[in-house]
Amino acid sequence: MAATDLTPDEFGFISTLLKDRSGLALTPDKGYLLETRLQPIARTHGLTDVKALIAKLRTAPPAALVHEVIESMTTNESMFFRDTKPFDHLSKVVFPALKAAGKSRIRIWSAACSTGQEPYSIAMTIKEEAAKYPGLQAEIYATDLAEKVLERSRSGIYSQFEVQRGLPIMLLMKYFKQVPGNMWQLNADIKSMVTFAPGNLLGSFASMGKFDIIFCRNVLIYFDEKAKADVMNRIATILNPPGYLFLGGAESTIGLTQKLVPMGDHRGLFTLGV
Ligand SMILES: C[S@@+](CC[C@H](N)C(=O)[O-])C[C@H]1O[C@@H](n2cnc3c(N)ncnc32)[C@H](O)[C@@H]1O
């Protein structure tokens, strides 16, 4: 059965579930994604196909099954120093500005951290810049909806392929050691700079406190405009002024909120509006 065989009612049910629980806006042309991601779950649970899985989801399903379905539909692609520029902006624009503002303690949130490359790239950037900021205390909090990626993040172990994507060789040599299986283990010093926790961008941010810098990269592209604007507006409420938000290369606050405005030429970097 192809997912395109789903009735409009079945497709409507599953897309509403995903949108309500994770923000994912699934367009009808993405039916094949449902098939490839949900078929293995159906099989594991002894169900004949995706239709049967959807039927089960409609009748008071166990919370774990719902989470498994939601998690299976996430896209967890990530890499060290993704797009390079944000990390240049961090060291050349944001850190100097926070120093000029007299901040010696900063809190950073990696809001959809996937397998950890983003928060660990932030941690390595801080380490590399540390000499310029004596006494700087930085806390990095990293969250994701998907539990499987958080487990991987916490391990700090990456494949040869993963460390070859975006990570400068000098930093690989400095902060990783090779372990059996052609894998690379991040050193304890960098690992200890990051705290990982589950977190859904659709949920309340109230318990997390405030941040000076937020990375929310390459996740809002999967949301519809209303959900994007809602997350951005709530992010603005937990940023300490001047407040810095990093979005992905294809993402912007323009047309969605005036609470966060682009920072001139610094593509992908936004700050609190006046
Ligand atoms: C493509 S990855 C981006 C990772 C990293 N920020 C980067 O730019 O490389 C998107 C991540 O967003 C997570 N995600 C999706 N919906 C989410 C939500 N509602 N709340 C928190 N994380 C979510 C996914 O699990 C996935 O790990």
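Read-outs: derived from the displayed coordinates by stated rules, not from any lab. Everything quoted here is computed from the prediction, not taken from an experiment. Cβ coordinates were reconstructed from backbone atoms using ideal geometry, including for glycine residues, and neighbour counts include every protein chain displayed.
With r as the distance between the Cβ atoms of residue 258 and residue 179 and R0 = 41 Å, compute the FRET efficiency 1/(1 + (r/R0)^6) and round to 0.05. Show your work: numbers first, answer last.
Details: r = 48 Å, r/R0 = 1.18.
Calculated transfer efficiency: 0.25.
How large is the translational diffusion coefficient of the chain in µm² per second when you combine the Kirkwood radius over alpha carbon pairs with Stokes-Einstein at 25 °C and 0.890 mPa s?
Numbers: Rh = 20.0 Å.
Approximately 123 µm²/s, per Stokes-Einstein.
I want the local charge near residue 145. Using Cβ-Cβ distances under 10 Å, sum +1 for each Lys or Arg and -1 for each Asp or Glu among the other residues. Let's see the in-between values first.
Numbers: positive: 21; negative: 71, 144, 147.
That works out to -2.
Report ³J(HN,Hα) in whole Hz for each residue of the stretch 92-107, in order, from the Karplus equation J = 6.51 cos²θ - 1.76 cosθ + 1.60 where θ = phi - 60°; Gly and Pro get x.
These are the phi-based 3J(HN,Hα) values: 9, 10, 6, 4, x, 5, 5, 5, 4, 7, x, 7, 10, 10, 10, 10 Hz.
For the chain, what is the mean residue ellipticity at 222 nm derived from helices alone (per DSSP H run of n ≥ 4: -39500 (n - 2.57); sum divided by total residues; nearest 500 deg cm²/dmol)?
-11500 deg cm²/dmol
Could you pull out every residue, at least 5 positions away or on a different chain, whose amide H is within less than 5 Å of the one on residue 271? Hs are placed 1.01 Å off N in the peptide plane, and Pro or chain starts have none.
So residue 271 has HN proximity to 245, 261, 263.
Relative to the present Cα-Cα distance, how much length would full extension add between residue 7 and residue 188 at 0.36 nm per residue of separation? Intermediate values should be presented prior to the final figure.
On the way: separation 181, 0.36 × 181 = 65.16 nm, distance 5.09 nm.
Result for the pair: 60.1 nm of gain on full extension.
Take each complete run of DSSP H in the chain, measure how far its Cα atoms stretch along the helix's own axis, and keep only those covering 27 Å or more with mean Kyte-Doolittle hydropathy at least 0.5; list them. All intermediate terms of the calculation are to be shown ahead of the outcome.
On the way: long enough: none.
TM-like helix candidates: nothing returned.
Relative to the present Cα-Cα distance, how much length would full extension add between residue 92 and residue 200 at 0.36 nm per residue of separation? Numbers along the way, then the final one.
On the way: separation 108, 0.36 × 108 = 38.88 nm, distance 3.03 nm.
Separation in residues times 0.36 nm, less the Cα-Cα distance, equals 35.8 nm.
Run the simple label-point estimate for residue 165 and residue 21 please: 7 Å along Cα→C-beta, distance reported in nm.
Label-label distance for residue 165 and residue 21, simple model: 2.6 nm.
Could you go through the stretch 138-144 in sequence order and give the Karplus-derived ³J(HN,Hα) for each residue, using 6.51 cos²θ - 1.76 cosθ + 1.60 with θ = phi - 60°, rounded to whole Hz, and x for Gly and Pro?
10, 10, 10, 10, 10, 10, 7
I want to verify a result. In a Gaussian network model of the chain, Cα cutoff 10 Å, which of these has the top mean-square fluctuation: 234, 154, 58?
Highest fluctuation among the options: 58.
Assign unit charges at the C-beta atoms only (+1 for Lys and Arg, -1 for Asp and Glu), then state the dipole size of the stretch 85-272 relative to its Cα centre in Debye, rounded to the nearest 20. Show your work: numbers first, answer last.
Numbers: 22 positive and 16 negative charges, 75 e Å.
With Lys and Arg at +1 and Asp and Glu at -1, about 360 debye.
Relative contact order for the stretch 27-120: what is it in percent, counting Cα pairs under 8 Å that are at least 6 residues apart?
26 percent
Mind giving me the nanometre distance, one decimal, between the label points for residue 29 and residue 105, set 7 Å out from Cα along Cα→Cβ?
Inter-label distance under the simple model: 5.0 nm.
Would you work out which of 124, 136, 175 lies farthest towards the positive end of the dipole of the stretch 85-272? Charges go on Cβ: Lys and Arg +1, Asp and Glu -1.
136
Write down the percent of antiparallel bridges among all DSSP beta bridges whose residues are both part of the stretch 103-249, to the nearest 5.
Of the beta bridges lying entirely in the stretch 103-249, close to 25 percent run antiparallel.
Between residue 85 and residue 48, what FRET efficiency comes out of the Förster formula 1/(1 + (r/R0)^6) with R0 = 51 Å and r the beta carbon distance, rounded to 0.05?
Working: r = 48 Å, r/R0 = 0.94.
The value I calculate is 0.60.
Nearest 5 percent is fine: what portion of the DSSP beta bridges confined to the chain is antiparallel? Could the numbers behind the result be given before it?
Numbers: 13 of 32 bridges.
Roughly 40 percent of the beta bridges in the chain run antiparallel, per DSSP.
Report, in whole Å, the centroid distance computed from the Cα atoms of the stretch 148-218 and the stretch 50-119.
11 Å
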